[in-house]
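Participant: Take a look at the following structure, please.
The values are calculated or read from the model by the stated rules, or taken from the named source; none is laboratory data. Everything numeric in this text was worked out from a predicted model, so none of it was measured. Cβ coordinates were reconstructed from backbone atoms using ideal geometry, including for glycine residues, and neighbour counts include every protein chain displayed.
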Amino acid sequence: MTVFLVHAAHVKQVPGRQTDKADTRWRAKLMRHGLLQASFIPPIEQRDVRDLTRYRTKLVQERRREVKRVQGALERANIKLAAVATDIMGVSARASLAALVEGRADPAAMAELAKRRLRRKRPRLEQALTGLVRDHHRQLRAMPWAHLDFLAEPIEALAAEMTRRLALLSGDDFPGVPPEPTGKTGGITPDMAGAPMTFARALTLLATIPGVNPRGGELLVAEGGIDMGRLGTAARLAAWSGVAPGNDESAGKHRAGKTRQGHQALRTGLTQLAHAAARTKGTYLSTLYQRLATRRGKKRAIMAVAHAIVVRACHRLCRNEPYRELGAHDFDDHRRAHLADQLTRRIERLGYRVTLEPITAA
């Protein structure tokens, strides 16, 4: 007997009457006619890796909440450390906070504990560390701090365990998470071209996409796997992930369509990767975000970048080849003549005459 695990939402797309009483009979009838679509069930090894990635995500989220609690305690004591230091859990910021918790509340002495680039901001740092600190505030900062140190150990243990599991699934000597991409093809070398698709190979290919760090690559392969044939096309993978654009059209009118809920763990991870890709310099994804954010808003732009990332990840795993960066000027290259005419008309309206001549390389 072959057991099918189906999604109830698929039944709404099949014509017919559905009631609570005839629910089981109706699904059995649809099954006999082959109108039900089986859901994706990964193998047990991949499900185990999923559990590890999701648990690590929960621990990282809990760590972020503790950092926000520390930030709230600092603000209530009129300590504006976040206005000067980018990361209040960095080396310099932690040294200053440790001195503050120990009772050494001299702003000038705490500012001298800054290291590297933060030392150039010592006057501002001294001003930010000047506040009304009481024993109550020191206690509120000490307790979350201890919890942060406690969470660091299981997060590192989960990272090591995931490296071991992925090495077993790869079936080869997996050295760990791939290095950060350094060029257009990331960590791919010529002798790696055409290598068989394994989890180690998939992580290396995904790391070539801007914004996808090793942890993000582990999330993508743990949730979606490395066999894209099970999910079909990139459009189906995007819809399953919950980042596909919504479509609401009636009588020739397009209304604002909402994205479906989709895979919550994968959708959340793709949103974080999209924020990282939007901050990159001179890439296609960052340009896509900037073009859409001005017209459609930042949230829709982030969803569009997340959709672009999952589509490119599907293509990388299907074609077994690294990501090729199109560059920030790819949008202009597709409409070069139209853009030149538009800019020429704008300059001529200002009273100037423009002559277009192509630049030839010397």
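Participant: Out of all the residues in segment 260-287, which are free of Cβ contacts under 8 Å to residues at least 24 places away in the same chain and outside any loop (DSSP other than H, G, I, E, B)?
Facilitator: GLN264
Participant: Keeping to segment 316-342, report how many residues are more than 30 Å from MET197 (Cβ to Cβ) and part of a helix (DSSP H, G or I).
Facilitator: The number of residues fulfilling the criteria is 11.
Participant: Restricting to segment 73-103, and then to whatever is without any contact (Cβ under 8 Å) to a residue 12 or more places away in the chain and part of a helix (DSSP H, G or I), can you tell me which residue is farthest from LEU132 (Cα to Cα)?
Facilitator: Among those that are without any contact (Cβ under 8 Å) to a residue 12 or more places away in the chain and part of a helix (DSSP H, G or I), it is ARG94.
Participant: Another question, if that's okay. Being touching a Ser or Thr at 6+ places or on another chain (Cβ under 8 Å), modelled with pLDDT under 85 and of a type outside the set (A, V, I, L, M), is that true of even one residue in segment 6-24?
Facilitator: Within segment 6-24, one or more residues are touching a Ser or Thr at 6+ places or on another chain (Cβ under 8 Å), modelled with pLDDT under 85 and of a type outside the set (A, V, I, L, M).
Participant: Next question. Check GLN61 against each of (1) modelled with pLDDT under 80; (2) surrounded by fewer than 16 Cβ atoms within 10 Å (Cβ to Cβ); (3) not charged (D, E, K, R) and name the one condition it does not meet.
Facilitator: Only one criterion in (1) modelled with pLDDT under 80; (2) surrounded by fewer than 16 Cβ atoms within 10 Å (Cβ to Cβ); (3) not charged (D, E, K, R) is unmet by GLN61, namely (1).
Participant: Answer yes or no as to whether ALA313 is in a loop (DSSP other than H, G, I, E, B), hydrophobic (A, V, I, L, M, F, W, C) and touching a helix residue (DSSP H, G or I) at 6+ places or on another chain (Cβ under 8 Å).
Facilitator: Here the answer is no, as ALA313 does not meet what is asked.
Participant: Now, a different point. Failed condition for GLN342, given (1) surrounded by 15 or more Cβ atoms within 10 Å (Cβ to Cβ); (2) polar (S, T, N, Q); (3) outside the structural domain of ALA200 (by TED's automatic domain parsing), with all others met?
Facilitator: With (1) surrounded by 15 or more Cβ atoms within 10 Å (Cβ to Cβ); (2) polar (S, T, N, Q); (3) outside the structural domain of ALA200 (by TED's automatic domain parsing) applied to GLN342, the lone miss is (1).
Participant: Restricting to segment 109-132, count the residues that are closer than 24 Å to ARG63 by Cβ, touching a residue at least 40 places away in the same chain (Cβ under 8 Å) and not in a helix (DSSP H, G or I).
Facilitator: Matching residues across segment 109-132 total 1.
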